[in-house]
1. Among Asp59, Asp19, Asp80, which one shows the highest mean-square fluctuation when the chain is modelled as a Gaussian network with alpha-carbon springs under 10 Å?
2. Evaluate the charge dipole of the stretch 66-194 about its Cα centre and quote only its size in Debye, nearest 20, assuming +1 on the Cβ of each Lys and Arg and -1 on the Cβ of each Asp and Glu.
3. If the cut-off is 27 Å between C-alpha atoms, which lysines fall inside it for Lys113, apart from same-chain ones fewer than 8 positions away?
4. For Ser73 and Ala168 in the same chain, what is the full-extension length gain: residue separation times 0.36 nm, less their Cα-Cα distance, in nm?
5. Using helices alone, I'd like the mean residue ellipticity at 222 nm for the chain: each DSSP H run of four-plus residues gives -39500 (n - 2.57), total over residue count, nearest 500.
6. How many nm is it between the label spots at Arg27 and Glu88, if each spot is 7 Å from the Cα in line with the beta carbon?
7. Taking only Cα atoms and a 10 Å spring cutoff, compute GNM fluctuations for the chain and point out the largest among Ala25, Ala145, Ala118.
8. Given (i) 36.0, 126; (ii) 21.4, 65; (iii) 20.4, 80, which label gives Rg and Dmax of the Cα atoms in Å as computed from the coordinates?
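The numbers here are math on the coordinates, done by the rules we state, and not lab data. Because the structure is predicted, anything quoted here is derived from the model rather than measured. Here the Cβ positions follow ideal geometry from the backbone for every residue, glycine too, while neighbour counts run over all protein chains shown.
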Amino acid sequence: MTMNTVEPQAAAEEESGADPLVDLAQRLLKEIGEDPERDGLRQTPERFARWWREFIDYDPGTIDTLFETTTTSQMVVVSDIRVWSLCEHHLLPFNCSVDIAYRPTKRLLGLSKFARVAHRHAHRLQVQERLVADIAQEVADITGAEDVAVIAKGEHLCMTMRGIKASAEMTSTSFLGAFGDDSALRGELLALLRS
């Protein structure tokens, strides 16, 4: 015998077909002094609900395209992958330019898969520091490479639009293996990204 763990209000909403995100958007509009029934806002709650679901349910596709390689000393760098995410502290967007580097051991990852990995981790409530760490770890797990580096530069609207209201760029890094231990290798990567 299973117990019903659905809250009574949620169960009623499911039965009535009401969308709690639409209701939330309507309440938000009222709380900030707007009329959700005025021209221009009538469809906003539905668009709001669709956007949240589209963002959170985003499917970047498969990332299992791997190729065999015999080159183990080469550095592979994919740079300037643009992603958007949401700050988990303020629910405001931030965008990042992500650079990913690794030294393949036996497997090469298909080029588009780097963007898929980055987008998979960006499409959730996130902080930039965890974003780069998650991307680096997944690239290492998929390819079997020990040497992985991820660098992200981002603008956070939680700083640009609120609080200090100043635009700034935040840089965060995750260096695994030799990228963390070998300053010459790290310097080579940084020089490549500057050129």
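1. Result for the chain, Cα springs under 10 Å: Asp19 fluctuates most.
2. Working: 14 positive and 15 negative charges, 86 e Å.
Result for the stretch 66-194 is approximately 420 debye, rounded to the nearest 20.
3. Of all the lysines, those that pass the test against Lys113 - Cα under 27 Å, at least 8 places apart if same chain - are Lys153.
4. Working: separation 95, 0.36 × 95 = 34.20 nm, distance 3.61 nm.
Length difference between fully extended and current span is 30.6 nm.
5. Here the helix-only value at 222 nm equals -12500 deg cm²/dmol.
6. 2.3
7. Ranking Ala25, Ala145, Ala118 by mean-square fluctuation puts Ala25 first.
8. Entry (ii).
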